[in-house]
Amino acid sequence: MKWICEVREMYPFGKGFNRFIPLLLLLIPMALYIVFYFGPSILTVIYSFTDVKNLPGSTYQFVGLDNYRELFFSGNSGERWRSIVNTLIFMFVVTIVQNGVALFIAVIINQRLKGDYFYRAVFFLPVVLGVAVVALIWGMMFDPLNGPVNRLYDALFGYQDMFFGSFTHAFGYIIFVQIWMYMGYSMLIFLAGLQSVPKDLYEAGHIDGTNKWQSFRHITFPLIAPSFTVNMLLSIIGAMSTFDIILATTDGRFNTRTMAYDVYKETFRGSLEMGLPSALSVIQFLIILLFVVVAVRQTRKREVEY
Amino acid sequence: MIKKLSALLLAGALTFSLAACGSSDSADPGGPAKGDKKVIKILHWKQDNINKAIEEINKKFEEKYPEYTVEYTTTGPDDEYKQAQRARITANDVDVLADLSGMRLSPQEWTPGAKVPDWQQWIDTGLIADLSDQAFIKNYNANDIEKAGTYNDKVYAVPTGKVAMSGLFYNKEIFEQNGLSVPKTWSEFIKLNDDLKAKGITPIVVAGKDVWPLKLPVFALQAKILGGGDQQKWIEGVWKGETAYNDEEAIEVLEKMKTLQDNYMIDGFMGIDYATAPSYFATGKAAMLADGSWDAPTVAAANPELKFGYFPLPATEDAAKNASFVGKYDVTWYAAEKGPNKEGALKWLEFFSEPENYTTFVKAAGFIPTQDNIQTESDFIDNELTPYLGEFELAYEIMMINRQNIGEHLAAEGVHTEFLAPGGPYKTAKELADIQQKEWEAAAPK
């Protein structure tokens, strides 16, 4: 009977036609993926070199780099560059602050303090609310005329702000709302990571005389590095492709445009021409790719096996 | 063996399902039918008062022509509508569709490189029906059809009404109590504002948060000041390099708006959104509201007791020149050439254009009629708007044709006074004007 097992190992799916079954099964998701995801992505790249229009029956021609030239060397290119700068600011601030705060809160909640489930739920709640509701809530909080935040500012500093109507501050407030909204998500991932850290490591550390910071720095942090990687990636990609909260709060006014917002705007509100938004998407993709690759390389170094 | 069989079955199922994709449409009988009735698909944006009137007209239509069913779809306004419009017209899935202020921004010979607007591309690709020979077109004022329904000497659209944009709603009670009257010139207007301020009354409220409402008073200034009152000449001039965004007239426009923004508008107007601005005015928190005439029903609803009027913002010292509104055409109907039921679309437009039905519509919408001899029975239209309709001019936003890739200080056919201090980064009108001219030149076709 031993040979059967050997054959099984050599041919885990059997012999002859049977060998193709896994491939056939894979065909279904592959087909769906190609039709609905990979295909359109490749088409976007191709379209970015054409003057394709959102009109049935209209023909299109290859125009070389014209769309890219229009993006970076035309009348409003200054705004495009500012969108890119805004996107990078948005990404850095959101990634760093959101993960920092989330990690801090996750570590505190993980101390098994009373009512940790309640806190977990409270911090996660904004994620469930959805962008429209969040924008509405903060729109009311930040109402410059009668809003509670302005009253607080007035009482504390004798100062009033225009919030989402201010050229200098609106973007900062959007970043704040974005972090407020998604912090719970990062926190949950950190919590999952924290709970998988074996307790005996802390005990061993305790015997060796570590203090709280040392045990966090040398035991907790290296062991939750995988969650850190995941959170970094999620917040980088998330922040880079955010346009919904901008749309719902300032609608891109008052210097709050990002690349993702521009893509949305050019695609759905601009002209029927799809070449320019395609080119914009390609640039956005390249920038995201660059940062994701760098971030993955950096964080992977810190991960340890246990 | 069983494995082999299941694999075969699976492969078969796969190919079958793929094949099924290709022929799924053939089951459709083709014609637009709901039961025995022919469906007319109408696409419009959500606007309560207008939607109700159209639904009423649709009901009457279905009673008169029982062979038709009207499928009236409304989407959210602005972008959402624009998307729906594009999707449906290009899929030939609509018969009658509304557009806002139809037939504008069409490139001219003096606008090299200007973008061809959606509606023009639709007409050029044969998606819009030619209405030139339809009898119902004659129900409308020939001048309005010419201005807002004609392209290449053919009629493609029905402009259903006009709205004034350049006026200010004013609280009659506040004006009377303080012995103030409607100003006829710019200096009278400034004096009025000062008088109000001296009595502790906020003169003007405007919805700055949405930014576009700031354009409305500017339209009055632009129409009366640019080109010495000939806006078209100025706009052509700016394309040809004869006039400029930082010439004397253009700076005067910005300067005057800056005066209003700095001194006479309610504190924090950049934080007031369009939906709430009328309530500030209706509850007496400000004496005037800068808003379009279409918002009169909203103002009335916010405070049914309020007595209010509407006067054109007096842009210059010439009282006669000031005494007319600047505005635009509002809802404009197109019929789809390749829609499922073109014949039904024409029938519906004909029915809509019958004076009786048109009156129902125009009364509910609060528009200035584009058909002659319509009794709107509206105090507001008859007493507040009509006296100033003699020299009705189209707003800058409608007449201006922008260059492609124009910078943000001129985008969306506006001059964006929100960029002026204190809220915005530019301290003086001249600074903003210089940036605008620079952006205009930078966007010149290469």
From B:299, B:331, B:326, grab the single residue that is crowded, with 24+ Cβ neighbours inside 10 Å and β-branched (Val, Ile, Thr).
-> B:326
Within the range B:384-411, residues being modelled with pLDDT of 90 or more and of a type in the set (S, T, N, Q) number 1
Criterion: touching a residue at least 40 places away in the same chain (Cβ under 8 Å) and touching a Lys or Arg at 6+ places or on another chain (Cβ under 7 Å) - qualifying residue of B:253, B:206, B:211, B:238 | B:211
Reported set for the range A:241-285 where residues are aromatic (Phe, Trp, Tyr) and within 14 Å of chain B (Cβ to nearest Cβ) is A:243, A:254, A:261, A:264, A:268
Quick check: is even one residue across the range B:248-265 within 14 Å of chain A (Cβ to nearest Cβ) and either more than 19 Å from residue B:393 (Cα to Cα) or buried (at least 23 other Cβ atoms within 10 Å of the Cβ) (or both)?
-> yes
Count of the range A:52-75 residues which are under 30 Å from residue B:93 (Cβ atoms) and either in the same structural domain as residue A:268 (by TED's automatic domain parsing) or part of a helix (DSSP H, G or I) (or both) | 1
Return a yes/no flag: does the range B:294-315 have any residue that is closer than 30 Å to residue B:232 by Cβ, of a type in the set (A, V, I, L, M) and at pLDDT 95 or above.
-> yes
For the range B:341-362, does any single residue satisfy the condition of being touching a Gly at 6+ places or on another chain (Cβ under 9 Å) and farther than 20 Å from residue B:159 by Cα?
-> yes
Within 14 Å of chain A (Cβ to nearest Cβ) and part of a strand (DSSP E or B) - does that describe any residue in the range B:123-144?
-> yes
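Please work out if residue B:196 is part of a helix (DSSP H, G or I), surrounded by fewer than 22 Cβ atoms within 10 Å (Cβ to Cβ) and in contact (Cβ under 8 Å) with a residue 40 or more places away in the chain.
Details: part of a helix (DSSP H, G or I): yes; surrounded by fewer than 22 Cβ atoms within 10 Å (Cβ to Cβ): yes; in contact (Cβ under 8 Å) with a residue 40 or more places away in the chain: yes.
Yes; evaluated as a whole, the condition is true for this residue.
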Just one of the numbered conditions (1) over 30 Å from residue B:128 (Cα atoms); (2) in contact with a Phe, Trp or Tyr (Cβ under 8 Å, 6 or more places away or on another chain) is not true of residue A:63; which one?
-> (1)
Only listed residue being modelled with pLDDT under 90, away from chain B (no Cβ under 14 Å) and on the phi > 0 side of the Ramachandran plot, chosen from A:14, A:57, A:64 = A:64
Failed item in (1) free of Cβ contacts under 8 Å to residues at least 12 places away in the same chain; (2) open to solvent by less than 50 Å² (accessible area, probe 1.4 Å), with residue A:92 passing the rest = (2)
Can you tell me which residues in the range B:88-145 are open to solvent by 30 Å² or more (accessible area, probe 1.4 Å), under 17 Å from residue B:371 (Cα atoms) and of a type in the set (D, E, K, R)?
-> B:138
Restricting the first residue to the range B:166-189 and requiring it to be surrounded by 23 or more Cβ atoms within 10 Å (Cβ to Cβ), which pairs with a second residue that is of a type in the set (S, T, N, Q) and modelled with pLDDT under 95 meet a Cβ separation below 7 Å and a spacing of at least six or different chains?
-> B:167/B:293
Here the residues within the range A:56-89 that are aromatic (Phe, Trp, Tyr) and open to solvent by less than 70 Å² (accessible area, probe 1.4 Å) are A:68, A:72
Is there any pair linking a residue in the range A:262-273 that is open to solvent by 20 Å² or more (accessible area, probe 1.4 Å) to one that is charged (D, E, K, R) and in a helix (DSSP H, G or I), with Cβ under 7 Å and at least six apart or on different chains, and which?
-> A:268/B:79; A:269/B:79; A:269/B:82
Look through B:316, B:332, B:359 and report the one residue that is out of contact with any helix residue (DSSP H, G or I) (no Cβ under 8 Å at 6 or more places or on another chain), of a type in the set (Ser, Thr, Tyr) and over 19 Å from residue B:65 (Cα atoms).
-> B:359
Residue ranges of helices (runs of 4 or more DSSP H) in the range A:226-306 with at least 3 members of a type in the set (S, T, N, Q) = A:275-302
Could you check how many residues of the range A:29-48 are open to solvent by 70 Å² or more (accessible area, probe 1.4 Å) and either within 14 Å of chain B (Cβ to nearest Cβ) or not in a helix (DSSP H, G or I) (or both)?
-> 5
Would a scan of the range B:208-215 turn up a residue that is over 22 Å from the mean Cα position of the chain (by Cα) and either over 21 Å from residue B:311 (Cβ atoms) or away from chain A (no Cβ under 14 Å) (or both)?
-> no
If you take the residues in the range B:400-446 that are exposed (fewer than 15 other Cβ atoms within 10 Å of the Cβ) and of a type in the set (D, E, K, R), which one is farthest from the other protein chains (Cβ to nearest Cβ)?
-> B:430
Need at least 1 residues that are basic (Lys, Arg) and more than 20 Å from the chain's Cα centre (by Cα) per element, so show me which helices (runs of 4 or more DSSP H) inside the range B:354-446 make the cut, counting only ones lying wholly within it.
-> B:429-442
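The values are calculated or read from the model by the stated rules, or taken from the named source; none is laboratory data. Quick caveat: nothing in here was measured; it's all calculated off a predicted structure. Glycine gets a Cβ as well: all are built from the backbone with ideal geometry, and neighbour counts include every protein chain shown. The accessibility values were calculated without ligands, DNA or RNA, using every heavy atom of the protein model including side chains. Shrake-Rupley method; radii C 1.70, N 1.55, O 1.52, S 1.80 Å.
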